[in-house]
Amino acid sequence: MRADRVFAYGATVGLIGDLLLGDPRRRHPVAAFGRAAAGVERRLWRDHRGWGALHTLVCAGGAVGGAALLARAVRRHPAASVALTAAATWSVVGGTSLGREARAIGGALAAGDVEVARERLPHLCGRDPHSLDGPQIARAVVESVAENTSDAVVGALVWGALAGVPGLVGFRAVNTLDAMVGHTSPRHRRYGWASARLDDLAGWPGARLTALLAVVAGGRPREAVRAWRADAAKHPSPNAGPVEASFAGALGVRLGGTLAYGGRVEHRPVLNGATGRAVETADIERAVRLSRRVGVLALGACVAARLGAGLAARRLADVRGTGRRGIAGARLADVRGTGRRGIAGARLAGMSGARTARTAPLTVAERLIAGRRRT
């Protein structure tokens, strides 16, 4: 089975598995990777970018290498290849768990239980929940749903389409490392620099596709495009900016502003501030539904792109093969033609020689011999 079809079937099955089952409850591969990465950090940590780069190389490179070996081991078995792609997709995407956590917090806010909402917020994002009131928690949830739609769903599918199982696993490994060490705490400001920069690079295509699909699926395309163009660059993150701005415009709300991370207060620019309203508890459900639509559309876009790329590659190979066969055929025809002309030339030369021998004038000796023979 061709690689493009393996990805199409496997990614579809894997995303359906996530929609129906959510993340694995026990022995989650991403959790196992996180424990291994933490162990590597304990051994390698130095307050230096170089050691942090080595940490990133060991962890992300090891994950990609292991996935590549598994994919190579089953590549001659179509069913096993599809099953491996499906399992990898199910393991690395997290759209359903994202929606469950967001809805749980939204339910607590709707019931007026702000304390329960504060307790659950760290399951979704890294903000300090104790200083947040109900509307601020709702805004944090919507922002996290938007950003994690790219990180937990779309980005993984994009890299799966580009590189198969190693792409799926590699993207999730890089994203996990960024969550673990790629922030500006005193311990990880330098050590996590490489992980953060690599995550920015890996997340770039998925973030743009997420923003584009939010425009398509949000029901307010003009507002989403306007917010994306006007406010995305104001965000400190090159990838969260387009996603959150597009979601803000699609939902008609304001995102950004003052927030707190680990005791640090940040004042971020407001996204869609010109026309958006304050986030309400009901907007959490709207954000979750938009996230799910974007994830399904992303699967369709990635599968279509992978199949289209495979078709284009096959046609190019056919054209090149036809050209080579044509050149080889022309050369063979020349050789055959040269041989035929050589044979014909030899025959013609022989005939000409014979005619020349018959028509040339006889010498005196030849005439005497010829006369004796007649007598």
Measuring from a point 7 Å past the Cα of Ala73 along Cα-to-C-beta, which residues in segment 19-48 have an amide N at less than 20 Å? 27-34, 36
Heavy atoms of the protein only, probe of 1.4 Å, neighbouring chains included. What is the accessible area of Phe33 in Å², nearest 10? 40
Please state, as a whole number in µm²/s, the translational diffusion coefficient that the Stokes-Einstein equation yields for segment 152-302 at 37 °C and 0.692 mPa s, with Rh defined as the Kirkwood radius across alpha carbon pairs. 204
Mean accessible surface per residue for segment 1-135, computed with a 1.4 Å probe while every protein chain stays in place, in Å²: 55
Write down the Å³ per residue value for the convex hull defined by the alpha carbon atoms of segment 98-163. 69
Please report, as a whole percent, how much of the solvent-accessible surface of segment 102-224 comes from carbon and sulfur atoms (probe radius 1.4 Å). 58
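Suppose accessible area is computed on protein heavy atoms with a 1.4 Å probe; arrange Asp178, Asp47, Asp231 from highest to lowest.
On the way: Asp178 35, Asp47 70, Asp231 15 Å².
These residues rank, largest area first, as Asp47, Asp178, Asp231.
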Given that compact globular proteins tend to follow 2.2 N^0.38 Å, what is the ratio of the alpha-carbon Rg of segment 197-264 to that value? 1.12
Can you give me the Kirkwood hydrodynamic radius for segment 75-214, using every pair of distinct Cα atoms, in Å to one decimal? 16.4
Multiplying the sequence separation of Lys234 and Arg315 by 0.36 nm and subtracting their Cα-Cα distance, what value in nm do you get? 24.8 nm
Taking the simple approach of a point 7 Å from Cα along Cα-to-Cβ for both Ala111 and Arg222, what is their distance in nm? 4.2
Round to a whole angstrom and tell me the spacing of the C-alpha centers of segment 79-141 and segment 242-304. 14
Local electrostatic count at Ala110 - Lys and Arg +1, Asp and Glu -1, tallied over other residues with Cβ under 12 Å: -3
Measuring from label point to label point, each 7 Å out along Cα→Cβ, what is the Arg46 to His28 span in nm? 3.3
Per 10 angstrom bin, beginning at 0 and ending with the bin that holds the maximum distance, the Cα pairs of segment 1-159 fall in percents of 10, 28, 31, 22, 8, 1
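The values are calculated or read from the model by the stated rules, or taken from the named source; none is laboratory data. Bear in mind that the values here come from a model prediction, so they are computed numbers and not experimental data. FYI the Cβ positions are ideal-geometry reconstructions off the backbone, even for glycines, and counts take in every protein chain you see. The accessibility values were calculated without ligands, DNA or RNA, using every heavy atom of the protein model including side chains. Shrake-Rupley method; radii C 1.70, N 1.55, O 1.52, S 1.80 Å.
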